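This report concerns only the one structure given below.
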Amino acid sequence: MEPQTFKSLLDVLKTKTEQVKLGGGSKRIEKEHAKGKLTARERINYLIDKDSEFLEVGAFAADGMYEEEGGCPSAGVITGIGYVKGRMVMIVANDATVKAGAWFPMTAKKNLRAQEIAMENRIPVIYLVDSAGVFLPMQNEIFPDKEHFGRQFRNNAKMSSMGIVQVAAIMGSCVAGGAYLPIMSDEALIVDKTGSIFLAGSYLVKAAIGETVDNETLGGATTHCEISGVTDNKYENDQECLDAIRNIFDKIGASDKAGFDRIEAKEPRISGDELLKAFPLQRVKPYDMLEVLSGLVDGGEIEEYKKDYGKTLICGIARIDGWAVGIVANQRKIVKTAKGEMQMGGVIYSDSADKAARFIMNCNQRKIPLVFLQDVSGFMVGSKAEHGGIIKDGAKMVNAMANSVVPKFTIVLGNSYGAGNYAMCGKAYDPRLIFSWPTAQMAVMSGASAAKTLLQIKVASLKKKGKEITEEDEKQLLDEITNKYNEELSPYYSAARLWVDGVIDPRETRKVISMGIEAANHAPISERFNPGVIQT
């Protein structure tokens, strides 16, 4: 692999990230500044501890979506894990530069993901509210269903009962149902003159009951701090309000800990640049996953479990940034069993599934968080595999992984196909965090396999209708199908739909996992590991 080729992928990632950070664009940013307001990202930068890490979640949400509506960068809301007065928090900040912070369907999905992370890890939430409410032209896709807009207020109530601290600042509009979010928090702060909160704005009030009233009188800071008592305190500007939030977090009691093991961190055996070289961009090229691991784990040291058995999956205990972790990673080189059978890299066989299931159980027994590194083509197929009980062994691995009580983290390095995605803890299996490298490809099967299968179906359908298909027609159809499928394989396509929490530079992998375990350490494990009926 040429490092320059990887560089071009990272350049795309950097360009896309910079674009997303502009939100609705520089003109909209200027408009916010003209009102005396900070942008969502400026508010976060001011709020978090200086020189601390911020792990953004869902930066590429809605990427390439809603184009007929003018697009919705980052789904109009910034979410991520940061530190305020040394305490780890989830921050949710509406971006008023994107459609005045209106809620699109993906906005709801992203908000709910942020709340889910906070609930699973029992970390406090800070809401920086500045939103015009539901994007009305799409209300049918955002308003009534279980995982729609209303679910966030249910989560507010649930988090409150769980003892999770929630603090909200009204720093702009806060309208209709959205008004419940800050008021269902433990404390609601408001910025004078720019912040307002009401169930219905002046236009709707006039239309509904004929009353003429301006928005400030209706729901401004003075009204709610001095007359209604809806909000707790008002502040002159964004900075003063954010300082008040920092003061709140300066005095919060410590949370219980899960007690995951951590010692002083060591650097990996190989550098970040060498890590890029260890991973080939050509998806068919075999490589040794242990080389990649030596650039991810402390000192490049991993204690392998059953290293001479089930070799297409590497299982082992290691440390990442000092944290003890159990790693399940696809081995991508061709391996040979003791019986002399050759096994393809990236494929899960009966022996490797069997080994992984047992390893996952051991990690649950020892209270060690699990890290899944995906570069998986799927499970082995064919009569030999079926007769050997591959479905049963695969089910055993899925069962142990799905019922794990220790936190799970997933990084998609390369392929993530079919049931392999499931067994290696894809999004459906509740990883605390799931991120992709720019080299990731997620789909039910590889592009080439899918395109050929889809072509056969299309050609058969056309022939059934009596249409003659030339070789040229067939090639054109294959090209069309392949292009569409390849677009859907892109890691940004997955990130846009929040199938993953983001796309990262491989050199950021250790930070993601370390911050993820630190967050998980705030939530003591309260249930016993019970895999149910194991498929023997």
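The values are calculated or read from the model by the stated rules, or taken from the named source; none is laboratory data. Please read these numbers as outputs of a predicted model, since none were measured by experiment. Here the Cβ is made from the backbone with ideal geometry for all residues, glycine too, and neighbour counts use every protein chain on show. Only protein heavy atoms, including side chains, enter the accessible area calculation; ligands, DNA and RNA are left aside. Shrake-Rupley method; radii C 1.70, N 1.55, O 1.52, S 1.80 Å.
Where does each of GLU32, GLU303, GLU216 land when they are ordered by accessible area, with a 1.4 Å probe and the largest first? Could you put the intermediate results ahead of the total?
Numbers: GLU32 5, GLU303 135, GLU216 60 Å².
Largest accessible area first, the residues go GLU303, GLU216, GLU32.
A 1.4 Å probe over all protein chains sorts LEU477, LEU433 by accessible area into LEU477, LEU433, starting with the largest.
Legend: calculated FRET efficiency, VAL12 to GLU216, from the Cβ-Cβ distance at R0 = 56 Å, rounded to 0.05, equals 0.80.
Over the chain, give the accessible area per residue in Å² for a 1.4 Å probe, as an integer. Working shown, then result.
Details: 24010 Å² over 536 residues.
Each residue of the chain exposes 45 Å² on average to a 1.4 Å probe.
The residue list SER161, ILE209, GLY219 was ranked by how far each Cα lies along the charge dipole of region 152-251 toward its positive end, using unit charges on Cβ atoms, and SER161 comes out on top.
Report, to the nearest 10°, how far helix 509-520 tilts away from the longest principal axis of the Cα atoms in the chain, using its own Cα long axis and a range of 0 to 90°. In the chain, helix 509-520 runs at an angle near 60 degrees to the longest axis.
Each Cα pair under 8 Å and six or more residues apart adds its separation to the average, and for region 368-507 the resulting relative contact order is 25 percent. Mind grabbing the accessible area of LYS251 for me, 1.4 Å probe, Å², rounded to tens? So the heavy atoms of LYS251 present about 150 Å² to solvent.
How many Lys pairs in region 239-355 lie less than 23 angstrom apart by Cα atoms, where the lysines are 8 or more positions apart or on different chains? Qualifying lysine pairs in region 239-355: 23.
Determine the shape class of region 1-65: with a ≥ b ≥ c the square roots of the Cα gyration tensor eigenvalues, call it rounded for a/c under 1.5, and otherwise prolate if a/b is greater than b/c, oblate otherwise. Prolate, since a/c reaches 1.5 and a/b exceeds b/c. The alpha-carbon of LYS467 sits under 21 angstrom from the alpha-carbons of these lysines, leaving out residues fewer than 8 places away in its chain: LYS452, LYS458, LYS475.
Accessible area of LYS31 (1.4 Å probe, protein heavy atoms only, ligands and nucleic acids ignored): about 120 Å². Return one number: the angle in degrees, 0 to 90 and rounded to the nearest 10, between the long axis of the Cα atoms of helix 350-366 and the longest principal axis of the Cα atoms of the chain. Relative to the chain, helix 350-366 is tipped by roughly 40 degrees. Here's the list of lysines a cross-link from LYS109 could span, going by alpha-carbon distance under 16 Å and ignoring same-chain residues fewer than 8 apart: LYS146, LYS427. Charged side chains reduced to their Cβ positions (Lys and Arg at +1, Asp and Glu at -1) give region 145-288 a dipole of some 780 debye around its Cα centre.
For ILE391 and ASP473, the FRET efficiency from 1/(1 + (r/R0)^6), where r spans their Cβ atoms and R0 equals 41 Å, is about 0.60. Relative to the Cα centre, the charge distribution of region 26-67, modelled as +1 at Lys and Arg Cβ and -1 at Asp and Glu Cβ, gives a dipole magnitude of about 380 debye.
Projecting the Cα atoms of ILE126, THR107, ASN486 onto the dipole axis of the chain, where Lys and Arg carry +1 and Asp and Glu carry -1 at the beta carbon, places ASN486 farthest toward the positive end.
Taking the Cα centre of the chain as origin and charging only Cβ (+1 Lys, Arg; -1 Asp, Glu), how large is the dipole, in debye to the nearest 20? Can you show the working numbers first?
Working: 66 positive and 69 negative charges, 313 e Å.
The dipole magnitude comes to about 1500 debye.
Expressed as a whole percent, the accessible surface of region 383-531 that belongs to carbon and sulfur atoms is 51, based on a 1.4 Å probe. Simple rule: put +1 on each Lys or Arg Cβ and -1 on each Asp or Glu Cβ in region 177-309, find the dipole, and look at GLY295, LEU281, VAL230; the Cα lying farthest toward the positive end is LEU281. In this view, the solvent-accessible surface of VAL459, computed with a 1.4 Å probe and all protein chains in place, comes to about 20 Å². Against the main long axis of the alpha-carbon atoms of the chain, helix 471-489 sits at an angle near 60°. Counting only lysines at least 8 places from LYS35 when in the same chain, those with an alpha carbon closer than 23 Å to its own are LYS21, LYS27, LYS99, LYS193, LYS234.
Tell me whether the chain comes out rounded, prolate or oblate; compute the Cα gyration tensor, take square roots of the eigenvalues as a ≥ b ≥ c, and use a/c under 1.5 as the rounded threshold. Before the final figure, lay out the partial values.
On the way: a/c = 2.10, a/b = 1.51, b/c = 1.40.
In terms of gyration-tensor shape, prolate.
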